[in-house]
Amino acid sequence: MTDPDSFPAAPPPTPPASGRGAAEPSLPERLSRAITLTGPISIAHYMAAANGQYYATRDPLGAGGDFTTSPEISQMFGELIGLWCADLWDRAGRPDVAWVELGPGRGTLAADAIRAMARAGLTPPVHLVENSPTLRAAQAERVAAPHWHDAIDTLPTDRPLIVIANEFFDALPIRQLVRTGSGWHERLVACQDTLFLPVAGKPVPDTVLPEALRDAPPGSIVETSPASVGLMRDLAARIAEQGGAMLVIDYGYEGPAIGDTLQAMRAHAFVNPFEAPGEHDLTAHVDFATLLAAAITAGTRGHGPADQGALLERLGIAARAAALAKAAPDRAAAIAADRTRLVETMGTLFKAIAITAPDWPLPEGFA
């Protein structure tokens, strides 16, 4: 780093001409101006802008952040995911594969999974799909020489892919449809003096909704995530062609269903998702049935959903917890508490699905 004292003192600033040189407007200001100029924006537009700003400017994880994910709770989670990958790779004939994680956070899951895979003989090149400079810096401290990607388009095309997506799809933009007395409307975001609020937009035809939901009572909300479906379809097509598998773990449901699941977290507490966009994490529950349908349509085989707790039990979390407690008896109570949190507290809300290439074996943990 250059010593700042080696530079001469800067002259006093002069007022910018015609607005040039002015401070960059904040995200709420930019969204407010856009809405003023063009009218209310979609929930998807609002969510994408807010999360883009949020993840690019901070490390949101851990006690000092806004939320904690399963890999940050215990090493057991990432280790079992790594062993899941190694077992599948072994039964597939030990091909040359690329290991991929979508939205790898601090790199904690990757580090734990890589260590476990190596013990089983799997040492693949590691590819992290991450466009946040802040989080890439954290990942570099935990993962040796990863290949970073801004999007899935640049992932390897010459070998099978084993893809992990833990708490990734919940942060992708959603659209919402709301039922009013006059029918279904897309839910939009309006703004009054930088106060953002949801409103009903133009009517949409009933045919865009699943038939079973069309007659829901007024006030009902249905969510879709075209971004999630498109990403899943693209990855599934790659896996169907190249070989490999994908494991998705997130909180969600088997849809389609009625319900408003858009939420925001700040300092480990729920806050209003329409306040201070870009300053908290916006997520929505994942529709696993729709993701599986997209993957199957693209040529892969689908497995699940399975509850996270049941999956971890099948992968051997009890044995791993016992081994860790034996190696560190002073931490036995904490290890038991971590296992309970992963298997019971989060065990049914969080679910897992897997997809595999047509000629790959059935993944462990999915009956």
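The values are calculated or read from the model by the stated rules, or taken from the named source; none is laboratory data. Worth saying up front: this structure is predicted, and the values here are computed from it rather than measured. Methodologically, a virtual Cβ is constructed for each residue, glycine included, from the backbone with ideal geometry; neighbour enumeration extends over all protein chains shown.
You will find that of Ala140, Ala145, the residue that is assigned to a loop (DSSP other than H, G, I, E, B), surrounded by fewer than 17 Cβ atoms within 10 Å (Cβ to Cβ), aliphatic (A, V, I, L, M) and out of contact with any strand residue (DSSP E or B) (no Cβ under 7 Å at 6 or more places or on another chain) is Ala145 and no other. Please indicate, with yes or no, whether at least one residue in segment 207-218 is at positive phi, modelled with pLDDT under 95 and not hydrophobic (A, V, I, L, M, F, W, C). For segment 207-218, residues at positive phi, modelled with pLDDT under 95 and not hydrophobic (A, V, I, L, M, F, W, C): absent.
Looking for whichever is aromatic (Phe, Trp, Tyr), closer than 30 Å to Pro226 by Cβ and surrounded by fewer than 17 Cβ atoms within 10 Å (Cβ to Cβ) here; the options are Phe270, Phe288. Which one fits? Spell out the reasoning first.
Numbers: Phe288 fails: surrounded by fewer than 17 Cβ atoms within 10 Å (Cβ to Cβ).
Testing whether each residue is aromatic (Phe, Trp, Tyr), closer than 30 Å to Pro226 by Cβ and surrounded by fewer than 17 Cβ atoms within 10 Å (Cβ to Cβ) leaves just Phe270.
Residue count for segment 165-207, restricted to those that are out of contact with any helix residue (DSSP H, G or I) (no Cβ under 8 Å at 6 or more places or on another chain), in a strand (DSSP E or B) and of a type in the set (A, V, I, L, M, F, W, C): 6. Going through (1) touching a Lys or Arg at 6+ places or on another chain (Cβ under 7 Å); (2) in a loop (DSSP other than H, G, I, E, B); (3) at pLDDT below 95 one by one, Asn131 falls short only on (1). Within segment 148-164, the set of residues being outside any loop (DSSP other than H, G, I, E, B) and surrounded by fewer than 22 Cβ atoms within 10 Å (Cβ to Cβ) comprises Trp148, His149, Ile152, Asp153, Thr154.
A single member of Gly278, Gly219, Gly201 is more than 16 Å from Ile41 (Cβ to Cβ) and of a type outside the set (Phe, Trp, Tyr), and it is Gly219.
Take the residues in segment 90-104 that are touching a residue at least 60 places away in the same chain (Cβ under 8 Å) and out of contact with any Pro (no Cβ under 7 Å at 6 or more places or on another chain); name whichever of them is surrounded by the fewest Cβ atoms within 10 Å (Cβ to Cβ).
Applying the first criterion (touching a residue at least 60 places away in the same chain (Cβ under 8 Å)) to segment 90-104 yields 91-92, 95-103.
Subset that is out of contact with any Pro (no Cβ under 7 Å at 6 or more places or on another chain): 96, 100-103.
Numbers: Asp96: 11, Val100: 27, Glu101: 27, Leu102: 22, Gly103: 22.
Going through the qualifying residues, I end up with Asp96.
Restricting Ser220, Ser182 to those that are within 28 Å of the chain's Cα centre (by Cα) and among the polar types (S, T, N, Q) reduces the list to Ser220. I'd like the full set of residues that are modelled with pLDDT of 90 or more, among the acidic types (Asp, Glu) and in contact with a Leu (Cβ under 9 Å, 6 or more places away or on another chain), limited to segment 14-71. Of everything in segment 14-71, nothing turns out to be modelled with pLDDT of 90 or more, among the acidic types (Asp, Glu) and in contact with a Leu (Cβ under 9 Å, 6 or more places away or on another chain). Within segment 237-266, the only residue that satisfies the criterion of being modelled with pLDDT of 95 or more, part of a strand (DSSP E or B) and charged (D, E, K, R) is Asp250. Whether a residue is surrounded by fewer than 22 Cβ atoms within 10 Å (Cβ to Cβ), within 30 Å of Gly64 (Cα to Cα) and at pLDDT 95 or above was assessed, and Pro329 passes this test. Applying the criterion of being more than 16 Å from Ala310 (Cβ to Cβ) and part of a helix (DSSP H, G or I) to the residues of segment 335-367, the residue that is nearest to the chain's Cα centre (by Cα) is Asp338.
Taking segment 341-366 as the range and being free of Cβ contacts under 8 Å to residues at least 60 places away in the same chain and either of a type outside the set (Val, Ile, Thr) or in contact with a Ser or Thr (Cβ under 6 Å, 6 or more places away or on another chain) (or both) as the test, the residues that pass are Glu344, Gly347, Leu362.
Scanning segment 209-247 for residues that are of a type in the set (Asp, Glu) and surrounded by fewer than 17 Cβ atoms within 10 Å (Cβ to Cβ) gives Glu211, Asp215, Asp234, Glu241.
Which residue is nearest to Ser132 (Cα to Cα), if the candidates are limited to segment 62-118 and must be in a loop (DSSP other than H, G, I, E, B) and among the basic types (Lys, Arg)? Give the steps one after another, and end with the answer.
Pass one, segment 62-118, residues in a loop (DSSP other than H, G, I, E, B): 62-66, 68-69, 74, 92-97, 103-107.
Pick out the ones that are also among the basic types (Lys, Arg) and you get 94, 106.
Details: Arg94: 33, Arg106: 11 Å.
Going through the qualifying residues, I end up with Arg106.
Can you work out which of the residues in segment 21-72 that are closer than 21 Å to Ser225 by Cβ and hydroxyl-bearing (Ser, Thr, Tyr) is surrounded by the fewest Cβ atoms within 10 Å (Cβ to Cβ)? Restricting to residues being closer than 21 Å to Ser225 by Cβ and hydroxyl-bearing (Ser, Thr, Tyr), the top hit is Ser42. Yes or no: segment 80-98 includes at least one residue that is of a type in the set (Gly, Ala, Ser) and at pLDDT below 95. No, segment 80-98 contains no residue that is of a type in the set (Gly, Ala, Ser) and at pLDDT below 95.
Residues in segment 36-54 that are in a helix (DSSP H, G or I), in contact with a strand residue (DSSP E or B) (Cβ under 8 Å, 6 or more places away or on another chain) and of a type outside the set (Val, Ile, Thr): Ala44, His45, Tyr46, Met47, Ala50, Asn51, Tyr54.
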